[in-house]
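> Right, I'll just put the structure down here and ask away after.
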Amino acid sequence: MMETTEHSPEAAVSVHLTLNGVPVTAEVSPNAILLDVLREQLGLTGTKKGCDHGQCGACTVHVEGRAMNACLRLAVMCEGQAITTIEGLAEGGRLHPVQQAFLDHDAFQCGYCSPGQIMSAVALLEDRRVPGDVTTVREAMSGNLCRCGAYQNILAAIQDARLRRHGQEGGDDA
Ligand code: FES
Ligand code: FES
């Protein structure tokens, strides 16, 4: 299915994305930020705006499989790229294992940081080169802030998801 959205008719640029597996064409202004295009043009409000300056991680999405801050990326830079947002993680009505682990471990309070935390965690767990010890995971997740201080449960959820996916190799001292 091809979707087309329109915005800022003057000097608009067509950007072609594969968004959560679906081809999408968005008409964007050349200086439009990916986060704003996702939320305001494409209706994907699961990706949150926190600081809007690359310092909180609330806006984390996957671009070509890598976790990135959508607030720091121009939409036009994403031409031809695959973008995954929190809305694209579940498959066939089943939550992604990291989403399920966050639920199982009560890894949120207000939930505002959760989409970004989960997107970063999924990218982290998919990178088999990154060791799974607690210190490394904390460091890898340090770009995702939680004003509610749910870090302990977030860490537990990530380590549980790691164990479920990779077995005991990833460290179990969360
Ligand atoms: S909103 Fe992008 S890092 Fe804070
Ligand atoms: S759960 Fe509230 S900011 Fe993290």
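> Going through the stretch 76-122 one residue at a time, which ones are of a type in the set (A, V, I, L, M, F, W, C) and in contact with an Asp or Glu (Cβ under 8 Å, 6 or more places away or on another chain)?
Passing the criteria: ALA82, ALA101.
> Please find, within the stretch 125-170, the residue that is most open to solvent (accessible area, probe 1.4 Å) out of those that are under 18 Å from GLY54 (Cα atoms) and not basic (Lys, Arg).
The selected residue is GLU139.
> What pairs come out if I take residues in the stretch 31-59 that are closer than 20 Å to ALA90 by Cβ and of a type in the set (Ser, Thr, Tyr) and pair them with residues that are open to solvent by less than 30 Å² (accessible area, probe 1.4 Å) and not in a helix (DSSP H, G or I) whose C-beta lies under 7 Å away, six or more apart or interchain?
Close Cβ pairs satisfying both conditions: THR47/CYS59; THR47/VAL61; THR47/THR85.
> Give me the residue from the stretch 30-48 that is over 13 Å from ARG73 (Cα atoms) and of a type in the set (S, T, N, Q) and, out of that set, nearest to ligand 2 (Cβ to nearest atom).
The qualifying residue nearest to ligand 2 (Cβ to nearest atom) is THR47.
> Next up: Tally the residues that are out of contact with any helix residue (DSSP H, G or I) (no Cβ under 6 Å at 6 or more places or on another chain) and free of Cβ contacts under 8 Å to residues at least 60 places away in the same chain, restricting the search to the stretch 77-88.
1
> Of the residues in the stretch 49-102, how many are within 16 Å of ligand 2 (Cβ to nearest atom), loosely packed, with under 14 Cβ neighbours inside 10 Å and within 14 Å of the chain's Cα centre (by Cα)?
Final tally of qualifying residues: 0.
> Moving to a separate point now. Does any residue in the stretch 147-167 that is among the charged types (D, E, K, R) come within less than 8 Å, Cβ to Cβ, of a residue that is within 16 Å of ligand 1 (Cβ to nearest atom) six or more places away or on a different chain, and which pairs are these?
Taking only residues 6 or more apart or on different chains, the pairs are ARG147/CYS110; ARG147/TYR112; ARG147/CYS113.
The values are calculated or read from the model by the stated rules, or taken from the named source; none is laboratory data. Given the structure is predicted, the values throughout are model-derived calculations rather than measurements. Note that we place each Cβ from the backbone using ideal geometry, even for glycine, and neighbour counts take in every protein chain shown. Each accessible area value is taken on the protein alone, full model and side chains, heavy atoms only, with ligands, DNA and RNA left out. Shrake-Rupley method; radii C 1.70, N 1.55, O 1.52, S 1.80 Å.
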